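For reference, the structure is listed below as structure tokens.
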Amino acid sequence: MKADYQVIDNFLDKENFLKIKNLLESSNFPWYYQHVINHNHSKKDLNCYFTHLLYTLETGFSHSFNVVKPIINKLKIKSLIRIKANLYPRTLKIEKHKKHIDYNFLHKAAIYYINTNNGKTILNDTEIDSVENRLLIFKAHLPHSSTSTTNFKTRININFNYF
């Protein structure tokens, strides 16, 4: 891995990518409003986003879990911690969200980008562009952050935390 991360473009074949993209961009997909982007934000912040938990130990499997199996298989995930789809609404200017860690123990994370836009994932001083069908793998116990987008209606990705 390059430093502490790896970027893989065209991660999935077109058919599996489009199944995921079409599902998450569907007007029937259930997105859930979150008052804050991460635990380092307060409810007074104007930033918000929408999520859908595809898997957690506490809640189990979402009805849409099977659509991400091609990603799980290709990553050779041994044990899942969480899979969370994120939808960030467009903002008038790029909003850089506060740094956070996903969990306070050694594990991997992967972000799978659903659409191309000018939003970023920030690892230290490195900015990773949001490009559809791109996968970013990194050490999730290290601080990282995200941004909004200004040039597309939404920024959509899926976050995998795993061993």
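Observations on the model:
- Pairing each residue of the range 24-35 that is under 17 Å from Val67 (Cβ atoms) with any residue that is in a loop (DSSP other than H, G, I, E, B), provided the two are 6+ apart or on different chains, yields C-beta distances under 6 Å for Leu24/Ile114.
- Tally of residues being outside any strand (DSSP E or B) and modelled with pLDDT under 95 across the range 48-77: 4
- Residues (assigned to a strand (DSSP E or B) and either surrounded by fewer than 23 Cβ atoms within 10 Å (Cβ to Cβ) or in contact with a helix residue (DSSP H, G or I) (Cβ under 9 Å, 6 or more places away or on another chain) (or both)) located in the range 122-137: Ile122, Leu123, Thr126, Glu127, Ile128, Asp129, Leu135, Ile137
- Pair list, Cβ under 6 Å, 6 or more apart: the range 77-91 residue on the phi < 0 side of the Ramachandran plot and crowded, with 19+ Cβ neighbours inside 10 Å, other residue part of a loop (DSSP other than H, G, I, E, B) and of a type in the set (Ser, Thr, Tyr): Tyr88/Ser148
- In this structure, Phe105 qualifies as assigned to a loop (DSSP other than H, G, I, E, B), closer than 25 Å to Phe65 by Cβ, in contact (Cβ under 8 Å) with a residue 24 or more places away in the chain and hydrophobic (A, V, I, L, M, F, W, C).
- Taken over the range 97-121, the criterion of being surrounded by 14 or more Cβ atoms within 10 Å (Cβ to Cβ), over 21 Å from Ile72 (Cα atoms) and at pLDDT below 95 is satisfied by His97, Lys98, Lys99, His100, Ile101.
The values are calculated or read from the model by the stated rules, or taken from the named source; none is laboratory data. Because the structure is a prediction, the values reported are computed rather than measured. Here Cβ is always computed from backbone atoms with ideal geometry, including for glycine, and neighbour counts include all displayed protein chains.
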